[in-house]
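Novice: Mind looking over this structure? Questions follow.
The values are calculated or read from the model by the stated rules, or taken from the named source; none is laboratory data. What you see is a predicted model, and the numbers here were worked out from it, not measured in a lab. So basically every Cβ, Gly included, is an ideal-geometry build from the backbone, and we count neighbours across all protein chains shown.
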Amino acid sequence: MKIRLENVVKSFDNFRAVKDVSLDIESGELVALLGPSGSGKTTILRMVAGLEFVDGGHIHFGEQNATDIPVRDRGVGFVFQHYALFPHMTVADNIAFGMKVSKTRRERGEIESRVNELLRLVRLEGLGGRFPAQISGGQRQRVALARALAVDPKVLLLDEPFGALDANVRRDLRRWLREIHSELGITTLFVTHDQEEALDLADRVVILKDGQIVQEGTPQQVCREPQSSFVMKFLGDVNVIGAQVRDGRAYAGDTSVEAPGLPDGGAELFARPGDLDWSAHGPGIPATTTRILDRPGSRRVLASIEGREALEFDIAPERAIAAGEAGFVTIRRAKVFPA
């Protein structure tokens, strides 16, 4: 089921939360809405679900204008951050609930068969008789997904689905959800503020700021070709280095990088920790190491320029370096944006 948003607008108490957003989500695609708090991502998800009605624009499901269709008639499955399971019902009854109250009547045997099928799908065989309090948080989120899938939705919507779980469980569930999506092929839209989660899971990432889309593309496109300093900063650790642009190159210290299309004058170099390196003799940006942070697979170096602790970069774990060394930071690659 393809979803199309056309110039969608939503306001709350004279505050415009979503500003003329247009977006196409192809049938079977898994799209992440990514952005900081207040960027409008959850509001967009709720409008697609029918939990909020738009103040302007249109939402289409395939060829159907779904803008004013009530939530129960949209054919969506919704998974919330905090599970929203019924604590007095067993796992099996939670999964079966949507089928029992659906307009489409199902026989008891058909419901039981579907519940067992979904328990296998979400790898919870044998736990149907337990109550939510008797299973882990990760297992409860699997139950929430099974309940959403039980009604055979055309569209699956997930609102920060792993936000209440610890890091290791989140990583495991991300891989599992991607496998489920590949198997079922349901058009899926999910909201997250976790950059790693969006990049690991999505076919396409839509980055929002202040109610507007600032960039969209595959994980590779948004990571390798950020179109603004906001996207560069939002997607992970980044160093910002002052520079001067002259004749299509940005200069910092004794080093420079290409800056096509930028006018001469002040600019900023944006470089990830993996984009920088250290040299004892230069050329590069004169710096002094201030701290060494050892990690299982790498060493992170903090260095200062002109007395300010300003840069972080990663080196191989076996490489010898100590705090207080003077040398030069070299740039492997960087993005340049106007200051």
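Novice: Report yes if Asp55 is more than 28 Å from Gly138 (Cα to Cα) and either exposed (fewer than 14 other Cβ atoms within 10 Å of the Cβ) or in contact with a Leu (Cβ under 8 Å, 6 or more places away or on another chain) (or both), otherwise no.
Specialist: no
Novice: Please state which one of Ile285, Ile305, Ile321 is modelled with pLDDT under 90 and among the β-branched types (Val, Ile, Thr).
Specialist: Details: Ile285 fails: modelled with pLDDT under 90; Ile321 fails: modelled with pLDDT under 90.
Just a single option satisfies the conditions, and that option is Ile305.
Novice: Condition test on Gly242, is it surrounded by fewer than 20 Cβ atoms within 10 Å (Cβ to Cβ), more than 27 Å from the chain's Cα centre (by Cα) and either within 17 Å of Phe313 (Cα to Cα) or modelled with pLDDT of 95 or more (or both)?
Specialist: Details: surrounded by fewer than 20 Cβ atoms within 10 Å (Cβ to Cβ): yes; more than 27 Å from the chain's Cα centre (by Cα): yes; either within 17 Å of Phe313 (Cα to Cα) or modelled with pLDDT of 95 or more (or both): yes.
For Gly242, the condition - surrounded by fewer than 20 Cβ atoms within 10 Å (Cβ to Cβ), more than 27 Å from the chain's Cα centre (by Cα) and either within 17 Å of Phe313 (Cα to Cα) or modelled with pLDDT of 95 or more (or both) - is met.
Novice: Those residues that are within 26 Å of Arg171 (Cβ to Cβ) and either of a type in the set (Val, Ile, Thr) or touching a strand residue (DSSP E or B) at 6+ places or on another chain (Cβ under 7 Å) (or both), I need them from the stretch 83-138; list them, please.
Specialist: Val91, Ile95, Val122, Ile135 - these are the residues of the stretch 83-138 that are within 26 Å of Arg171 (Cβ to Cβ) and either of a type in the set (Val, Ile, Thr) or touching a strand residue (DSSP E or B) at 6+ places or on another chain (Cβ under 7 Å) (or both).
Novice: Only one residue in Lys41, Lys10 is buried (at least 18 other Cβ atoms within 10 Å of the Cβ) and either closer than 19 Å to Arg204 by Cβ or of a type in the set (S, T, N, Q) (or both), so which one is that?
Specialist: Details: Lys10 fails: either closer than 19 Å to Arg204 by Cβ or of a type in the set (S, T, N, Q) (or both).
Within the list Lys41, Lys10, the selection yields Lys41.
Novice: Which residue, of Ala339, Ala320, is over 30 Å from the mean Cα position of the chain (by Cα) and either hydroxyl-bearing (Ser, Thr, Tyr) or farther than 18 Å from Pro283 by Cβ (or both)?
Specialist: Details: Ala339 fails: over 30 Å from the mean Cα position of the chain (by Cα).
Every option except Ala320 fails the conditions.
Novice: Which one is surrounded by the fewest Cβ atoms within 10 Å (Cβ to Cβ), of the residues in the stretch 13-27 that are at pLDDT below 95, farther than 22 Å from Val231 by Cβ and not acidic (Asp, Glu)?
Specialist: Asn14
Novice: Kindly list the number of the only condition in (1) within 16 Å of the chain's Cα centre (by Cα); (2) at pLDDT 90 or above; (3) assigned to a helix (DSSP H, G or I) that fails for Leu177.
Specialist: Answer for Leu177: the failing condition is (2).
Novice: Can Asp237 be described as farther than 30 Å from Ser22 by Cβ and either assigned to a loop (DSSP other than H, G, I, E, B) or aromatic (Phe, Trp, Tyr) (or both)?
Specialist: On the way: farther than 30 Å from Ser22 by Cβ: yes; either assigned to a loop (DSSP other than H, G, I, E, B) or aromatic (Phe, Trp, Tyr) (or both): yes.
In short, yes.
Novice: Something else now. For Leu189, are the conditions met, namely being hydrophobic (A, V, I, L, M, F, W, C), modelled with pLDDT under 90 and surrounded by 19 or more Cβ atoms within 10 Å (Cβ to Cβ)? Lay out the reasoning, then the answer.
Specialist: Working: hydrophobic (A, V, I, L, M, F, W, C): yes; modelled with pLDDT under 90: no; surrounded by 19 or more Cβ atoms within 10 Å (Cβ to Cβ): yes.
No.
Novice: Which numbered condition in (1) farther than 30 Å from Glu197 by Cα; (2) out of contact with any Leu (no Cβ under 9 Å at 6 or more places or on another chain) is the only one that Ser298 fails?
Specialist: (1)
Novice: Within the stretch 24-58, which residues are in contact with a helix residue (DSSP H, G or I) (Cβ under 6 Å, 6 or more places away or on another chain) and closer than 20 Å to Val214 by Cα?
Specialist: Listed by number, the residues that qualify are Leu30, Ala32, Leu33, Leu34, Gly35.
Novice: Out of all the residues in the stretch 230-239, which are in contact with a Pro (Cβ under 6 Å, 6 or more places away or on another chain) and either surrounded by fewer than 16 Cβ atoms within 10 Å (Cβ to Cβ) or more than 28 Å from Leu34 (Cα to Cα) (or both)? Full working, then the answer.
Specialist: Taking the stretch 230-239 as the starting set, the residues that turn out to be in contact with a Pro (Cβ under 6 Å, 6 or more places away or on another chain) are 232, 237.
Asp237, the sole residue that qualifies.
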